[in-house]
Amino acid sequence: MDDFLIRALLAGIGVALVAGPYGCLVLWRRMAYVGETLAHTALFGVALGLFFEFDLILGMIVAVAVAALLLGLAQRDKRLGSDAILGILASLTLAAGVIIVSATTARLDLFAYLFGDILSVSVRDLVALYAAAAVALAALILMWRPMLAATLHDELARIDGVRVDLVNLLLMLLLALVIAVAGRMVGILLVVALLVIPAAAARRFARTPETMAVLAALIGAASVVAGLWGSFRWDAPTGPSMVVAAGALCLLVWLVPRRRAA
């Protein structure tokens, strides 16, 4: 294998290992549209980084983190529905990002950021990816019980002493980190698919939340391998190929009949 294929494989597996467990929380909380909104905000971060001439990945992380904070605060206001808040933020940030990019003199391959350019991943990108993934996974392991309790029943979690608002805010920030880093690899518009699809496939056979998180990571990694192979075999775009592979695996999983307990 060529070096760029090995780096792409390592990058995709790194994204899958961290996106799978977080995707389970996204699925349990019915937050798929939140992930989509944060992904759109990532393009706005790219535009800001380009306009002010600083690192584009850093711009993505900052923009998505700020959006996560705003969403966490705005969702407390019951006067405007959550769906409306998400729709407004997603539309405004995506449109503003495109306008800012078009206003700059620098050239930017928007297709690469929207749909991914995993084949161009460098060693430096890999180090940054695995460092961010390690932070996100370590935080998830440490906060798993409070996050799970807040996800299943927030009122009971409050009674048990869980600081639900703080846990929810931390989850949003960690999800922002995952989306910003993964978006650079598989694309801003496709990163939510790798969060949701492997988790949906894992739900078919998982009996415990922990099992579902592990299965989602493994299914995501298998999707990366299959997508990369299919992209190389048929000369197809790599990021979309990974998402199609994940969708195919999810369909196959749900078509397999479950064994009934004896």
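Relative contact order, whole percent, for the stretch 84-176 stands at 16, derived from Cα pairs under 8 Å and 6 or more residues apart. Exposed loop sites are taken as chymotrypsin sites (Phe, Trp or Tyr not before Pro) in a DSSP loop (any state but H, G, I, E or B) with at most 15 other beta carbon atoms within 10 Å; the longest stretch of the chain without one runs 55-204.
Considering only Thr151, Thr238, Thr37, the Gaussian network model of the chain with Cα springs below 10 Å gives its largest mean-square fluctuation to Thr151. Using every pair of separate Cα atoms, the Kirkwood estimate puts the hydrodynamic radius of the stretch 1-49 at 12.8 angstrom.
In plain terms, the residue of Val253, Val181 with the fewest other Cβ atoms within 10 Å comes first and the most crowded comes last, giving Val253, Val181. Residues Ser91, Ser120, Ser223, Ser231, ranked from the fewest to the most other C-beta atoms within 10 Å, line up as Ser91, Ser120, Ser231, Ser223.
Ellipsoid semi-axes for the stretch 28-78, based on the Cα gyration tensor and the rule √(5λ), read 24, 11, 7 Å when sorted largest first.
A run of the chain free of exposed loop cleavage sites, with trypsin sites (Lys or Arg not before Pro) counted only in DSSP states other than H, G, I, E and B and at most 14 other beta carbons within 10 Å, reaches its longest extent at 108-162.
Any read-out appearing in this document is the output of simple, stated calculations on the displayed coordinates, not a laboratory observation. Keep in mind the model is a prediction, meaning the values are calculated, not measured. No Cβ is skipped: glycine too gets one built from the backbone with ideal geometry, and neighbour counts run over all protein chains shown.
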